[in-house]
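All remarks here apply to the structure that follows.
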Amino acid sequence: MTLQRYSRFILALAGALLLSACSDGQRTAVEIGNEQQILHMGNGDEPSDVDPHTTVGIPERQIQLALFEGLVSKSSETLEIEPGVAHSWDISEDGLVYTFYLNEEARWSNGDPITAEHFVWSWRRALLPGLGNQYAYSLYSIKNAEDFHRERISDFDEVGVTAVDERTLRIELESPVPYFLELLEHHSFYPVHPPTIEQFGRPDQRGTRWTRPENFVGNGAFTLKSWEPNRVLVVEKNPHYWDADRVLLNEIHFYPVQQPATEERMFRAGQLHIINLLAEERVPRYKSEEHPALRSFANYATYYYEFNTRVEPLGDPRVRRALSLSINREQITDQMLRGGQRPAEHFTPPGAGYEARARVPYNPEKARELLAEAGYPNGQGFPTLTILYNTLDVHERIAVVIQQMWRQELNVNVTLRNQDWRVYLASKRGGDYHIARSGWVADYYDPNTFLDMFLSDGGNNDTGWSNERYDELIGRAARAEDTEQRMEYFQQAEAILLEEAPIAPIYFYQYNHLVSPSVRGWHSNVMKHVNYKGVYLESQP
Amino acid sequence: MQRITEQTATEPVLEEGSSLTRDAMHRLFKNRLALVSAGFLLLLILVALLTPWIAPYAYQDQNLLLGASSPSAQHWLGTDTLGRDQLTRILYGTRVSLMVGFVATAVALGIGVLWGATAGYLGGRVDNAMMRIVDVLYALPFAIFIILLTVIFGSSMLLLFLAIGAVEWLTMARIVRGQVLTIKRQEYIEAAIAMGLSRWRIIRRHVIPNAVGPIIVYTTLTIPSVILLESFLSFLGLGIQPPQSSWGSLISDGVENMENYPWMLIFPALTLSVTLFALNFLGDGLRDALDPRASKD
Amino acid sequence: MLRFLCKRLALAIPVMLVVITITFFLIRLAPGGPFDQERNVPPEVMANLHAQYNLDAPVVRQYFDYLGDLLRGDLGPSFRYTTRSVNEMIARGFPVTMELGLYAILFALLVGMPAGIIAAMRPNSLQDYVPMSAAMVGICLPSFVLGPILMLIFGIWLGWLPVSGWGSTPGDKILPAITLGSTYAAYIARITRGGMLEVLSQDYIRTARAKGLSTWRVVMVHALRGGVTPVVSYLGPALAGLLAGSFVVETIFQIPGLGRFYIQAAFNRDYTMIMGTTVFLAGLIILFNLIADVILVWLNPRLRQEAGH
């Protein structure tokens, strides 16, 4: 009887809890958001800051796209350059001098006008050595910028940025850069409001309070409203924005959700309009249902394996090429990943007016031949190498599959090793690996972002591979004035890269995420570029 | 059944008199649930030992064409996303998880009981010093430590044993000490002291046997919590190195796929749960059986 | 009693020092620095970054600088959340985790203790097996399984409760508290049952029963006091362990608590954050253990005497 009384009590309590939860009208955040033009977005991770000169991550970038605007902006529909703070610009014949004319209407979120001098100040700040800006190198195409950043000169007047007058900015380059306008859209070129930054610290001081919502001044379509770490960051429409008429949303809420599974559940429960990333294993299901929210599009990025050429027998190009030839890429993309990824038989993803001719196809017979030539007929005497990857389910599954392929096709045994992200980076950088999983996501929409990585002195070339001819071709491409000629140099370079095989491309990324059908004017694209202008919400019937 | 005697015989309580052992056995045999559990665990241990011979496939065998398939005649428990046989992977996982569970718990049990009983019984300064050491270790945030250690040294079985064993003995020591503190004030101990028995003899013959109930209860709780800790590490990606599997890694894979391929979660989770239930029921049975004061009705 | 307290508090200082020292040097041993990322940066930039965070000084110097700051109560700036100090992050995260932990413990006590008591009253009967099996679900399923299952059932299929957030929608605290609490409910049920059985077999209880008192009365008046002793000694460490254990629940339910920072900091090599949370948690654990000890002494009159000496 006491048992009864107790269970009755528990039941009553549970009932009360549930009722209190359900009695509320049960309108989801998405439904309310649709009415009030408030967009709820999953944003991957907690931003470390919103300062465009001290941050490197994609979550930060997504927020900065709302809070700041560069000289130019980019359409997310066509990926074409559009006016930003500058309404127009001239480029000199030799491609060395750019002159930008600033929009008179362009204002900071506190109403101050934006001047050319502000850009000079901001770029100087971005290049101040003490700030430790990890993206400072993206400004290096400006004349003397690298020397200033590396403290070879101390006078910023020598750097090729000049405020001709209040509304005219002139930029001189070291050498012509065909994708310079593209670069200008990068967050390291965003202007920041000098008085605000100076009010809260030195220009080269990181993490000051200027990016707190109560202090923040920006120049984007939105401005910072509130920021609760690990909960939500809210931006609201900036009334001083020059193109405010085209800004249709009132607020955007960015949620730092790390786990794709959590994000997806939030989407299904009506708490998010857009999720940042749909977990690999969930994609086939949404595909087969033809779910209206699924957005799947090619990404300008490659998944590949790196060979450490300083480790024997990986110093032998025949061995590397044999390993690469015996990967059945189609099986990985079509039977295992099934998320729309394309098998990569070359390194640079097709796009930006370039598609490589060279190929590294699936050809196990040729692979066995090469391996025998290198002195390992039927894999005999081949040492046990290790595949290194950072801890993530998809990397693990791919490694397990490739391990099996090499065992079957070449009779070569490899072991697997997963390391936490930072350890993995340290191992790769220190050359402490045999074969390592890697991924490269384009910094800008041009094949150069992929191919200049393998220059002998390339900062991200961890393979130890170097090839004079390759370096020369990439150098020529940089100086080429004719686009066709430039692409031809890239073709030849890529052919060398695949033949010498310091890397084995595996697949081209596919970006899959969910966008609620009530979100209008949202364009998903290869560069994952977002332009919040023109996005609005419509309640579904 | 022979195995149970052996198992219980390792408990210190049984060293002394045969009548106690016989009583305990008698009581244990009366508890059907505990017997069934013991049988199940024995079977599981046997299966784990024989896995390489009875597993239907090799644990790394894949079949990408097949992919994740539901249970069938070829694959009784279905396959995972790489087309690997689930039954095989669970069998191998059982080996790993049981090993982690038993070895780490044995480490914890050995250190914890000795430490706690000694501290509690001796009392005074010794107790103070010993429990202060436990406090120091307690105050170390172990989650971070295990993560840092696996990060520095890479995750290996030995590290898992040591790290988990090092965490779990502390609670054991505290519980034993608490229990001993209560017991030692009871009349029969005071009588033993009055009779001039040596301290060590008192600890061995009276204190440990009387504290054995809670120790067993806690041990049966420790094995599952160790198995859970391993699964937590697997969830963080710090568990066992692939292509090997443990229950933890299988379950964390299963959770990811629970809506698409429910069998990937159900079977490993079921194996884990049933094992944990069995461990608990057996622990109960042993507790009741070993408690010298339990009523003899 | 007061002396006992003072003594324990004085002992806490060397304990903390050991914790700080071990953690400080261990994190610097781990490969990979706080500012490493996919794109390599020139060494000058890295050097400047390190200079901003005093990482260019010799390690021993860094250690003493850290101790100095700590004495002033300054845990330093977070390396990962660059605009925030560790103090701020803890001040924001801790109340959330604490609240979650309290609800979880409350749920655990509410389910676990009665289940344990009821089970102990008739051991090895249905009245034992049923409540114990029910309470044990929590330790038979890891929280990263239980959480998503609860979310799927109550959040998505039934649509009764929100699947994420903390204090932003009504009812969003229920599922996380149940997920986190169910593990502890099982433990508490087991320990209560064990403790109760122990006490129920004692002579004075038999006497009480023989005197004709009802079972329920005996349990409530006499046995409960002795039976909950192990529960109390379990609660101190459990509460502390719960803070670390809340990581999984905070991650899957998107709760801005300390547990999330704590584990994440290790992966991010956010040195100051690891140190700050470690020092804070260690202090907390010491405090909880002390409280548990005080309650134990208070529950046991003989120990009370001893502590007085």
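Could you check A:Val257 against (1) surrounded by fewer than 23 Cβ atoms within 10 Å (Cβ to Cβ); (2) under 20 Å from the mean Cα position of the chain (by Cα) and say which number it fails? Among (1) surrounded by fewer than 23 Cβ atoms within 10 Å (Cβ to Cβ); (2) under 20 Å from the mean Cα position of the chain (by Cα), the lone unmet condition for A:Val257 is (1).
Residues that are among the basic types (Lys, Arg) and at pLDDT 90 or above within the range A:444-503 comprise A:Arg469, A:Arg476, A:Arg486, listed in sequence order.
None of A:Gln408, A:Gln403 is within 11 Å of chain B (Cβ to nearest Cβ), part of a helix (DSSP H, G or I), surrounded by fewer than 21 Cβ atoms within 10 Å (Cβ to Cβ) and in contact with a Leu (Cβ under 7 Å, 6 or more places away or on another chain) except A:Gln403. Condition test on C:Asp128, is it in a loop (DSSP other than H, G, I, E, B) and open to solvent by less than 10 Å² (accessible area, probe 1.4 Å)? No, not satisfied. For the range B:251-263, a residue qualifies if it is more than 10 Å from chain A (Cβ to nearest Cβ) and either in a loop (DSSP other than H, G, I, E, B) or within 19 Å of the chain's Cα centre (by Cα) (or both), and the qualifying residues are B:Ile251, B:Pro262.
For the range A:198-220, the set of residues classified as open to solvent by 10 Å² or more (accessible area, probe 1.4 Å) and under 24 Å from the mean Cα position of the chain (by Cα) consists of A:Arg206, A:Gly207, listed by residue number.
Among helices (runs of 4 or more DSSP H) lying entirely in the range B:156-222, which contain 3 or more residues that are surrounded by fewer than 21 Cβ atoms within 10 Å (Cβ to Cβ) and among the hydroxyl-bearing types (Ser, Thr, Tyr)?
Hits in the range B:156-222: none.
Within the range A:294-308, can one find any residue that is more than 18 Å from A:Val401 (Cβ to Cβ), free of Cβ contacts under 8 Å to residues at least 60 places away in the same chain and not charged (D, E, K, R)? Checked against the condition, which is being more than 18 Å from A:Val401 (Cβ to Cβ), free of Cβ contacts under 8 Å to residues at least 60 places away in the same chain and not charged (D, E, K, R), the range A:294-308 yields no hits at all.
Looking across the range C:69-89, the residues that are facing chain A (nearest Cβ under 8 Å), part of a loop (DSSP other than H, G, I, E, B) and open to solvent by less than 20 Å² (accessible area, probe 1.4 Å) come down to C:Tyr81, C:Thr82, C:Thr83, C:Arg84. Taken over the range A:255-301, the criterion of being among the polar types (S, T, N, Q) and facing chain C (nearest Cβ under 10 Å) is satisfied by A:Gln258, A:Gln259, A:Thr262, A:Gln271. The combined condition, being assigned to a helix (DSSP H, G or I), facing chain A (nearest Cβ under 10 Å) and small (Gly, Ala, Ser), is fulfilled by C:Ala115. Open to solvent by 10 Å² or more (accessible area, probe 1.4 Å), facing another protein chain (nearest Cβ under 8 Å), among the charged types (D, E, K, R) and assigned to a helix (DSSP H, G or I) - does that describe any residue in the range C:171-190? Checked against the condition, which is being open to solvent by 10 Å² or more (accessible area, probe 1.4 Å), facing another protein chain (nearest Cβ under 8 Å), among the charged types (D, E, K, R) and assigned to a helix (DSSP H, G or I), the range C:171-190 yields no hits at all. Search the range C:256-273 for residues that are touching a residue at least 40 places away in the same chain (Cβ under 8 Å) and farther than 18 Å from A:Ala426 by Cβ and pair each with any residue that is of a type in the set (Lys, Arg) and surrounded by 24 or more Cβ atoms within 10 Å (Cβ to Cβ) when their beta-carbon atoms are under 7 Å apart and the residues are at least 6 apart or on different chains. No pair meets every condition. Within the option set B:Ser246, B:Ser225, B:Ser234, being modelled with pLDDT of 80 or more and under 17 Å from the mean Cα position of the chain (by Cα) holds for one residue only, B:Ser246. Could you please let me know if A:Tyr532 is touching a residue at least 12 places away in the same chain (Cβ under 8 Å), outside any loop (DSSP other than H, G, I, E, B) and of a type in the set (Phe, Trp, Tyr)? It is false that A:Tyr532 is touching a residue at least 12 places away in the same chain (Cβ under 8 Å), outside any loop (DSSP other than H, G, I, E, B) and of a type in the set (Phe, Trp, Tyr).
Confirm whether A:Leu277 is aliphatic (A, V, I, L, M), touching a strand residue (DSSP E or B) at 6+ places or on another chain (Cβ under 7 Å) and open to solvent by 30 Å² or more (accessible area, probe 1.4 Å). Please lay out each step first, then the result.
Details: aliphatic (A, V, I, L, M): yes; touching a strand residue (DSSP E or B) at 6+ places or on another chain (Cβ under 7 Å): yes; open to solvent by 30 Å² or more (accessible area, probe 1.4 Å): yes.
Against the criterion (aliphatic (A, V, I, L, M), touching a strand residue (DSSP E or B) at 6+ places or on another chain (Cβ under 7 Å) and open to solvent by 30 Å² or more (accessible area, probe 1.4 Å)), A:Leu277 qualifies.
Looking at the range A:419-495, what helices (runs of 4 or more DSSP H) fall wholly within it and have at least 3 residues that are open to solvent by less than 50 Å² (accessible area, probe 1.4 Å), touching a Phe, Trp or Tyr at 6+ places or on another chain (Cβ under 8 Å) and over 26 Å from A:Leu139 (Cα atoms)? Walk me through how you get there before you give the answer.
Numbers: elements: A:421-429, A:448-451, A:468-479.
Result: A:421-429.
Of the residues making up the range C:249-276, those that are at the interface with another protein chain (Cβ under 7 Å from one of its Cβ atoms) and among the β-branched types (Val, Ile, Thr) number 4.
Which ones in the range A:346-366 are in a helix (DSSP H, G or I) and either open to solvent by 60 Å² or more (accessible area, probe 1.4 Å) or modelled with pLDDT of 95 or more (or both)?
Applying the first criterion (in a helix (DSSP H, G or I)) to the range A:346-366 yields A:364-366.
The answer is A:Glu365, A:Lys366.
Just name the residue that is nearest to the chain's Cα centre (by Cα) out of those in the range A:282-306 that are open to solvent by 30 Å² or more (accessible area, probe 1.4 Å) and of a type in the set (Ser, Thr, Tyr). Among those that are open to solvent by 30 Å² or more (accessible area, probe 1.4 Å) and of a type in the set (Ser, Thr, Tyr), it is A:Ser296.
Does A:Leu233 meet the test of being within 30 Å of C:Ile149 (Cα to Cα), crowded, with 21+ Cβ neighbours inside 10 Å and in contact with a Pro (Cβ under 7 Å, 6 or more places away or on another chain)?
On the way: within 30 Å of C:Ile149 (Cα to Cα): yes; crowded, with 21+ Cβ neighbours inside 10 Å: yes; in contact with a Pro (Cβ under 7 Å, 6 or more places away or on another chain): yes.
Yes; evaluated as a whole, the condition is true for this residue.
Of the residues making up the range C:90-107, none is within 10 Å of another protein chain (Cβ to nearest Cβ), among the acidic types (Asp, Glu) and in a helix (DSSP H, G or I).
Selection of the range A:151-165 for residues being part of a loop (DSSP other than H, G, I, E, B) and loosely packed, with under 14 Cβ neighbours inside 10 Å yields A:Glu151, A:Arg152, A:Ser154, A:Asp155.
In this entry, A:Arg321 is excluded by the filter for residues that are among the basic types (Lys, Arg), farther than 20 Å from A:Glu409 by Cβ and surrounded by 16 or more Cβ atoms within 10 Å (Cβ to Cβ).
Considering only the range A:329-345, how many residues are in contact with a helix residue (DSSP H, G or I) (Cβ under 6 Å, 6 or more places away or on another chain) and either open to solvent by 30 Å² or more (accessible area, probe 1.4 Å) or modelled with pLDDT of 95 or more (or both)? Selection size over the range A:329-345: 2. Residue count for the range A:73-93 satisfying the condition of being farther than 12 Å from A:Gly534 by Cβ, part of a loop (DSSP other than H, G, I, E, B) and in contact (Cβ under 8 Å) with a residue 40 or more places away in the chain: 3.
Selection within the range C:17-68: residues that are outside any helix (DSSP H, G or I) and of a type in the set (A, V, I, L, M). The member of this set that is farthest from the other protein chains (Cβ to nearest Cβ) is C:Ala57. The listed residues are C:Trp166, C:Trp160, C:Trp216, and the only one of them that is more than 26 Å from B:Val134 (Cα to Cα) and touching a Ser or Thr at 6+ places or on another chain (Cβ under 7 Å) turns out to be C:Trp216.
The values are calculated or read from the model by the stated rules, or taken from the named source; none is laboratory data. Worth saying up front: this structure is predicted, and the values here are computed from it rather than measured. Cβ coordinates were reconstructed from backbone atoms using ideal geometry, including for glycine residues, and neighbour counts include every protein chain displayed. Heavy atoms of the whole protein, side chains included, go into the accessibility calculation; ligands, DNA and RNA do not. Shrake-Rupley method; radii C 1.70, N 1.55, O 1.52, S 1.80 Å.
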